[in-house]
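Everything below concerns the one structure shown next.
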Amino acid sequence: MPVISEYLKKKKALKTVLALCFTEASETFHHWKAFSGDLGGVCVEIEKSLLVKAIKREKGIKCYSVRYIKMNDLDDNLKRVNDLPFVKRYPYRDEKEFRIIYVSKSKTMDVKYIPIDLQMIKRIMFNPWLPKDIFKSVRQMIKLIDNCGDISVFQTTLIDNERWKGYANDLA
């Protein structure tokens, strides 16, 4: 996004271009390795319809699912500069990305706060490599926050799933 951001600033005379990127895909090993590193990383699952409704009121914000384009199809699919923030090359299609873009011609900003209400949070999932004791402590702290007691907070079992291992052990 940094290259697109700089290009948009020059092409459209913008002072600020900011992006917030989400995935609409189910959890994958790739997501954890590519975006979270070894111990860091958390997935906060948001109710998209509530988020979109809240941000549509904000001036300068647009949001769309990203379209993935094959190189041979560029001429047919990429016609305007305004399309740039919402397109990516086809090899990235498994990301199933949804983006929120903020632009301003008059303000120079490094951050744009957007309203995320606790009711938008469906669940919070932690990195599979985070030590269990640290996860338990962080989960306990989240549950103590006002109005967070009912939010599902768990550590993904993507790389260490007891049911999967048990099933595999029971096979003939």
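The values are calculated or read from the model by the stated rules, or taken from the named source; none is laboratory data. For clarity, every value in this text was computed on a predicted model and none was experimentally measured. Note: ideal-geometry Cβ built from the backbone for every residue, glycine included; neighbour counts use all protein chains shown. To get the accessible areas, we keep the full protein, side chains included, count just its heavy atoms, and leave off ligands, DNA and RNA. Shrake-Rupley method; radii C 1.70, N 1.55, O 1.52, S 1.80 Å.
Of the strands (runs of 3 or more DSSP E) lying entirely inside region 81-172, those containing at least 1 residues that are of a type in the set (D, E, K, R) span 87-89, 97-104, 121-126.
Give Ala54, Ala13 a once-over and let me know the one that is among the hydrophobic types (A, V, I, L, M, F, W, C) and either closer than 22 Å to Gln119 by Cα or modelled with pLDDT of 95 or more (or both).
Numbers: Ala13 fails: either closer than 22 Å to Gln119 by Cα or modelled with pLDDT of 95 or more (or both).
Criteria check complete, one pass: Ala54.
When the residues of region 9-29 are filtered to those that are polar (S, T, N, Q) and in a strand (DSSP E or B), the one that is nearest to the chain's Cα centre (by Cα) is Thr23. Among the conditions (1) open to solvent by less than 30 Å² (accessible area, probe 1.4 Å); (2) in a strand (DSSP E or B); (3) out of contact with any helix residue (DSSP H, G or I) (no Cβ under 8 Å at 6 or more places or on another chain), Trp32 misses just one, which is (2).
Kindly indicate which of Asp117, Asp83 is free of Cβ contacts under 8 Å to residues at least 60 places away in the same chain and acidic (Asp, Glu).
Values: Asp117 fails: free of Cβ contacts under 8 Å to residues at least 60 places away in the same chain.
Going through Asp117, Asp83 in turn, the sole match is Asp83.
Residue-by-condition table, conditions (1) out of contact with any Ser or Thr (no Cβ under 7 Å at 6 or more places or on another chain); (2) open to solvent by less than 60 Å² (accessible area, probe 1.4 Å); (3) not hydrophobic (A, V, I, L, M, F, W, C):
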position	(1), (2), (3)
Tyr68	yes, yes, yes
Leu118	yes, no, no
Arg123	no, no, yes
Val138	yes, yes, no
Asp160	yes, no, yes
Arg163	yes, no, yes
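Selection within region 43-66: residues that are within 24 Å of Lys11 (Cβ to Cβ) and within 15 Å of the chain's Cα centre (by Cα). The member of this set that is most open to solvent (accessible area, probe 1.4 Å) is Tyr64.
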